[in-house]
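Derivation of every value follows stated rules applied to the coordinates shown; laboratory data play no part. Just so it is clear, the structure is predicted and the values come from calculations on it, not from any experiment. Quick reminder, even Gly has a Cβ in these numbers, built from the backbone with ideal geometry, and neighbours come from all protein chains shown.
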Amino acid sequence: MPEADNIPEATALPAGGVAFAHSEARAPGRELHDLVAELYPLCRSITGDGVRETLARLGRIVPLATHALPSGTPVLDWTIPPEWNIRDAWIADRHGRRVVDFRRSNLHVVGYSVPVRRRMSLAELRPHLHTLPGQPDWIPYRTSYYKEDWGFCLSQRALEALPEGDYEVCIDATLTPGELVYGEALVRGATDEEIFVSCHICHPSLANDNLSGVAVAAHLAREVGSRPRRYTYRFVFVPGTIGAIAWLSRNAAILPRIRHGLVLSCLGDAGPLTYKRSRRGDSAIDGAAARVLRAHGPHRILPFSPDGYDERQYCSPGFDLPVGRLSRSPAGTFPEYHTSADDLSLVSPDHLAASLAACRDIFAALEGERFFVNRSPYGEPQLGRRGLYRALGGEVRRDRLEAAILWVLNLADGRHGLTDIAERAGLPVTEIEAAAATLIAHGLIEETAGALRT
Ligand code: ZN
């Protein structure tokens, strides 16, 4: 299916200005939780009808363009896999009773299992059964996207209750040439410079890891369209890894416009807000996110690492986009992660709402940030000649202005915002602003619309 090139836009509203309000008193936590609950039963994977249905439902929150890439399409170093769809799956005992039933939980089937229909002994079946002995009541979440295999996931207790004997095993699935689909919402602002938000939509009935980020992103996309904005906002809803790689492979022309980016995941649990820095470590979004999280209370700031979610792709060295990740408890750090215990009770309306408020405030900080470029960056410009250096020796205020001038000149590389410069200099923003105004008046720096990528 060809790609749809017409990306629907949110209703055009007066763009420009920096009139973002700070967090609203009443956040839509209930609405966010309802959306998580609505999407929770769908059997998503990296391809298939569960993803299509998820995107269709998100399209009711915010206009979404869907894009499709056929199986077999090369994307960077990868290839779009066959499409997987599943109708039913079960293990039945000799009385025909379903002892493991996909209809009760879609986590019971290893994602991307090839179709199976056969009778086998428990001993033969065992290598295909996955449990969590340390959490005997929980069903694990397992996938086998790129290696042909099949299997079932069940609780350790359910496994222990299975008597020896023969079982009927059925996975009524298809793994055939099809397509990978992803969704994109574009909300145009006063400039083409973009704030990029990405979340993964490939996990089945898992609430925090996957749906919390999806719900927050969809609501943010709707919300930014109703506010004045300098930036254009792009929200992508992609299957993890392969979807981000597919998006990157098709959007080379967009990449230079991405000034700030966020991957959203695991935003509904009770853990403190956690921001993982971009690969660059000092991107404008890294500074903005750290300041916003400080203002929001208990939080964690993590350095970049080449693991986690799709920040791995956006921050791979060839792209090196200024993209960080916002979570509460990061993937792999909470016991419910990738198990049936990551259910609707793990995510709360209040935590979802507070996560959305943090994103809103990060956007507001970026909308209000100012960026400058040094027009004379090769060696220090001669300040004395311009009356900007040691003109009034010994005066304390004068020394501070000089320090501010030197910091602005050094960090006016288009990537550091005025607030970042103030933080690095250890000086009040007002003094950095005054220095910037002086340097503009002397033609030594100029303001850019948004952070430059290089
Ligand atoms: Zn996951």
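For this structure, a couple of remarks:
- Anisotropy class assigned to segment 297-350 is prolate, per the alpha carbon gyration tensor with a/c at or over the 1.5 cut-off and a/b larger than b/c.
- Inter-part distance where segment 45-87 and segment 362-385 are each reduced to a Cα centre, Å: 42 Å
- Shape category assigned to segment 218-344 from the gyration tensor of Cα positions, a/c cut at 1.5: rounded
- Computing FRET efficiency as 1/(1 + (r/R0)^6) for residue 30 and residue 160, where r is the C-beta to C-beta distance and R0 is 56 Å, gives about 0.90.
- The long axis of helix 49-58 is offset from the longest Cα principal axis of the chain by roughly 40 degrees.
- From helices alone, the chain scores -8000 deg cm²/dmol at 222 nm; the rule is -39500 (n - 2.57) for each run of n ≥ 4 DSSP H residues, then divide by the residue total.
- Three-way shape call for segment 371-448 based on the alpha-carbon gyration tensor, with the a/c threshold at 1.5: oblate
- Here the Debye sum runs over all C-alpha atoms of the chain as equal scatterers in vacuum, and log10 of I(q)/I(0) at q = 0.07, 0.09 Å⁻¹ comes out as -0.41, -0.63.
- FRET efficiency, 1/(1 + (r/R0)^6) with R0 51 Å, evaluated for residue 430 and residue 149 via beta carbons: 0.25
- A Förster radius of 22 Å, combined with the Cβ-Cβ distance separating residue 95 from residue 344, puts the computed FRET efficiency at roughly 0.10.
- Distance between the modelled labels on residue 119 and residue 446, one decimal in nanometres: 8.1 nm (7 Å Cα→Cβ projection).
- Compared with the dominant Cα axis of the chain, that is its longest principal axis, helix 29-39 is turned about 40°.
- For the chain, size of Cβ-based charge dipole, Lys and Arg +1, Asp and Glu -1, in debye: 660 debye
- Fully extending the segment from residue 53 to residue 192 would add 47.0 nm, taking 0.36 nm per residue of separation and subtracting the current Cα-Cα distance.
- Ranked packing of 122-128, 226-232, 441-447, 284-290, most packed first, by mean Cβ within 10 Å: 284-290, 226-232, 441-447, 122-128
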